[in-house]
Amino acid sequence: MLDILTRAGCFVAIIALGHILRRTGFFGPETFGLLSKIVMKITLPAALLASAAGKPIDASLLTISLLGLGGGVLYMGLGWLLQRKGSKQQQAYFIQNLPGYNIGTFALPFTQSFLGPVGVLTTSIFDLGNAFICFGGSFSIARAVKEGGKADFRRVLKAPLTSLPFLTHALMVFLNLNHLTPPKAIISFAEIVGGANAFLAMLMIGVGLNLSADRSKLGAMAKILSVRFGVAAVLALCYYYLLPFDLEVRQALVILAFSPIGSTVPVYTAELGEDVGLSSATNSAAIVISIVIIVTLLTVML
């Protein structure tokens, strides 16, 4: 338990370091975008390749992708129900800001560090479904509700194909299902580059952390967070006790269930023309809550 708490404490310390460095002016406004590009386009794909290369995978695990997709659909439905008597703008905001899991820059460092290759593979497969929600799915539905039009499902299907982490997920799942392994030189290179992913991802979260919000809007934030983590608790219990997978897979799914709201949500909220400041604050608060819950669960499960 001490080892788990120590490693988890290091993650929290790196997040705190990033936040302090931004607040003191060491990092400028452009730093978050730069770190995000490095993580999403370099260290994260490398970490996925290095951790999952050559690991056998049971085809039955592909059903886990439906959990990532289904969780997003469930949260979108709840977002609409919560605001069914509200305005179209309120409905659209909740549909956009409840679903989506922050996998690559949050959950993966935890599953990679604490659950190893099995955790990485489970995370990769889960994120295949989650990507369709995070990269345009919830936005298309939210915009259709707000404008009274039809959802652009072509965008939903095409958007993940522009995401390097999604393509890496898909490639590694394909290779492992077919018992193929990348050349050793590529794996060695990926191990060196991917070794920086956990540090940079946590540092990036700290740099982007923003907990300030208009007090008059705290009610909407509280409603989103309470529903998000209340449902996550139910899903986590179902994943752990009801699914017919090995223990390590179920442990990874519990962590994934409590992942914070997707990092792309504020971006799409801005594109939707809604309150991006509130969205960013809610996103940051979800990260803090997720850290507390996941660290606690890791000490119990491992």
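The listed residues are LEU209, LEU203, LEU297, LEU278, and the only one of them that is farther than 30 Å from GLY25 by Cβ, in contact with a helix residue (DSSP H, G or I) (Cβ under 7 Å, 6 or more places away or on another chain) and of a type in the set (A, V, I, L, M, F, W, C) turns out to be LEU297.
Against the list (1) touching a residue at least 60 places away in the same chain (Cβ under 8 Å); (2) outside any helix (DSSP H, G or I), the condition LYS150 fails is (1).
Candidates in the range 265-284 are the residues that are surrounded by fewer than 20 Cβ atoms within 10 Å (Cβ to Cβ) and of a type outside the set (D, E, K, R); of these, the one that is farthest from the chain's Cα centre (by Cα) is GLY273. Kindly establish whether PRO260 is surrounded by 20 or more Cβ atoms within 10 Å (Cβ to Cβ) and free of Cβ contacts under 8 Å to residues at least 40 places away in the same chain. Answer is no for this residue.
The residue list ALA151, ALA131, ALA142 contains one member that is modelled with pLDDT of 85 or more, within 17 Å of GLY273 (Cα to Cα) and small (Gly, Ala, Ser), which is ALA142.
Here is a yes/no grid of residues against (1) out of contact with any Ser or Thr (no Cβ under 7 Å at 6 or more places or on another chain); (2) within 18 Å of PHE11 (Cβ to Cβ):
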site: LEU247; (1), (2): yes, no
site: VAL276; (1), (2): no, no
site: SER280; (1), (2): yes, no
site: ALA285; (1), (2): yes, yes
site: VAL288; (1), (2): yes, yes
site: VAL292; (1), (2): yes, yes
site: THR299; (1), (2): yes, yes
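Determine whether VAL292 is surrounded by fewer than 24 Cβ atoms within 10 Å (Cβ to Cβ), touching a residue at least 12 places away in the same chain (Cβ under 8 Å) and in a helix (DSSP H, G or I). Outline the logic, then answer.
Values: surrounded by fewer than 24 Cβ atoms within 10 Å (Cβ to Cβ): yes; touching a residue at least 12 places away in the same chain (Cβ under 8 Å): no; in a helix (DSSP H, G or I): yes.
When the stated conditions are applied, VAL292 does not pass them.
Within the range 198-213, being under 13 Å from PRO266 (Cβ atoms) and of a type in the set (A, V, I, L, M, F, W, C) holds for LEU209, ALA213.
Residue check: is GLY18 surrounded by 22 or more Cβ atoms within 10 Å (Cβ to Cβ), small (Gly, Ala, Ser) and not in a loop (DSSP other than H, G, I, E, B)? Yes, satisfied.
The values are calculated or read from the model by the stated rules, or taken from the named source; none is laboratory data. Because the structure is a prediction, the values reported are computed rather than measured. Reconstructed Cβ throughout: ideal geometry from the backbone, glycine too, with neighbour counts over all protein chains shown.
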